[in-house]
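Trainee: If you scroll down you'll find the structure; I have some questions about it.
Just so you know, all these numbers are worked out from the coordinates, no wet-lab data involved. Values in this document were obtained by computation on a predicted structure and should not be read as measured data. Heads up, the Cβs are rebuilt from the backbone with ideal geometry, glycines too, and the neighbour counts pull from every protein chain shown.
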């Protein structure tokens, strides 16, 4: 199996390779520029020297007389001070009268073929091959007093000399380039290490896999989730959020849009006045697109204390209420079963004791007494109510109240043969169960704990009527307008309770279910004390079908 290089190593090698290529390209350009500039400078230097030598006093007379020793005495001191590769003096016939490097070439023809313009009185710069090699040279004419050309001055720099200068410059540039390359190596390694750190030391394929997993996880969640940046622009939204908020646009069209254009948000949605903007908020009830939601807000912090956005998760409040109701109902069923089991154990223990003492007649009377009481309640509930779930609830509440010392009395006129279509059976169980629990608790707080809790359920007169009356401690007048608000409880005499406690949710759920069923609740004082809760849920009117048009 071929081993793949880590991302950090590949990035480092890529940066190093690109840096080397860039430095080589820059070196080539630099060498070309320096070489051209050097040729230009040396050409001009040779031109200046050739022009000045041609104007030397006495040189024209010596050339006119072809006095070679005199010419050598004039030029030799200049040759020792000049950096040129050679200095050559020729006559009008293009023969050497002086050659600083090759004296044996005296009276021999000058090589290069570039003297025509000079003999016409022009000063030139050319690159030609001469007697000692290829050189960059400048030639200037020598004039007599009559301004006639009588000789030629040639000052040149051999290409080998120019190459040596270029090599020296290139060597210096190479040292700087190596130093720069070393710095680039160090920078590339630090840069790649920092990039890998920003990526949490993960490989790109690992990051891609995490992104795909995160996307799948968000889309699979039932809870709505969206995220915004510090400018309150949408950066993420899942399928459940679009469904809950009834957003029809695809995710790609929503990303980058201001949240206010997508979700109708209240002013306190992002931050509350009593808490910092970057703090977390849990279980906040707010309205999103005309729907009540329970929202959690968590800040996105790339660095500690530096917020760069928020993540919001939310659920429909009705779903939360339904789940809470179902959980409360399950807990009530479990409590009822526990109480029934406890009572059954007591009954069995009593019966076993009577039998062990051989008091058979008393045991028979005890069995008949227990059976008659339980059977009477069972027969009444089974005959008056058609819902098995409601029968089980009422039997459980009867046993639970009796174990607490409170009697649950059923009105003889009770009847429930049908349930309105506007309320589910689960919701109806929650309404009746919560009202009975509150009545029993209120009765236990009163001095006269023997007073019964009365229940009346009727489906007559095109509405479902539920009345629960107790003779307990009652409800304070200041509390009545708020009794159905979340977090407010009628059990302790306080106006406000923490919503996260066990109090304050029962009547809130009751009010929610009744409101959804288009019903009403009335709270009145009982005589001589206590409270009566009356729930009215109308049956939907039947849809009349008139005669069809022929």
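Trainee: Averaging sequence separations of C-alpha pairs under 8 Å and six or more residues apart, then dividing by the length of region 8-165, give the relative contact order as a whole percent.
Mentor: Numbers: 239 pairs, mean separation 39.7, N = 158.
After rounding, I find 25 percent.
Trainee: In nm, what is the difference between 0.36 nm times the number of residues separating residue 520 and residue 172 and their Cα-Cα distance?
Mentor: On the way: separation 348, 0.36 × 348 = 125.28 nm, distance 9.60 nm.
The span from residue 520 to residue 172 would gain 115.7 nm if fully extended.
Trainee: Given labels modelled 7 Å from the Cα in the Cβ direction, how far is it in nm from residue 367 to residue 210?
Mentor: Going by the 7 Å Cα→Cβ label model, 7.2 nm.
Trainee: Using R₀ = 22 Å, calculate the FRET efficiency as 1/(1 + (r/R₀)^6) where r is the Cβ-Cβ separation of residue 285 and residue 389; round to 0.05.
Mentor: Values: r = 30 Å, r/R0 = 1.37.
Approximately 0.15, to the nearest 0.05.
Trainee: How many nm is it between the label spots at residue 298 and residue 378, if each spot is 7 Å from the Cα in line with the beta carbon?
Mentor: So the two model labels end up 5.2 nm from each other.
Trainee: Between residue 22 and residue 308, take the C-beta separation as r, use R0 = 41 Å, and let me know the FRET efficiency to the nearest 0.05. Each step should come with its number before you reach the end.
Mentor: Working: r = 35 Å, r/R0 = 0.85.
Approximately 0.75, to the nearest 0.05.
Trainee: Could you tell me which of rounded, prolate or oblate describes region 8-165, using a ≥ b ≥ c as the square roots of the eigenvalues of the alpha-carbon gyration tensor, with rounded for a/c under 1.5 and, failing that, prolate when a/b is larger than b/c and oblate otherwise? Don't skip to the end; give the middle numbers.
Mentor: Working: a/c = 3.40, a/b = 3.07, b/c = 1.11.
It is prolate, given that a/c is not under 1.5 and a/b is the larger ratio.
Trainee: Further question: Just to be sure I understand the model, the point goes 7 Å from the Cα along the line to the Cβ. What's the resulting residue 239 to residue 120 distance in nm?
Mentor: With each label placed 7 Å out from Cα toward Cβ, I get 8.9 nm.
Trainee: Taking 0.36 nm per intervening residue step and subtracting the Cα-Cα distance, what contour gain separates residue 417 from residue 31 on full extension?
Mentor: Details: separation 386, 0.36 × 386 = 138.96 nm, distance 10.37 nm.
Value of the extension gain: 128.6 nm.
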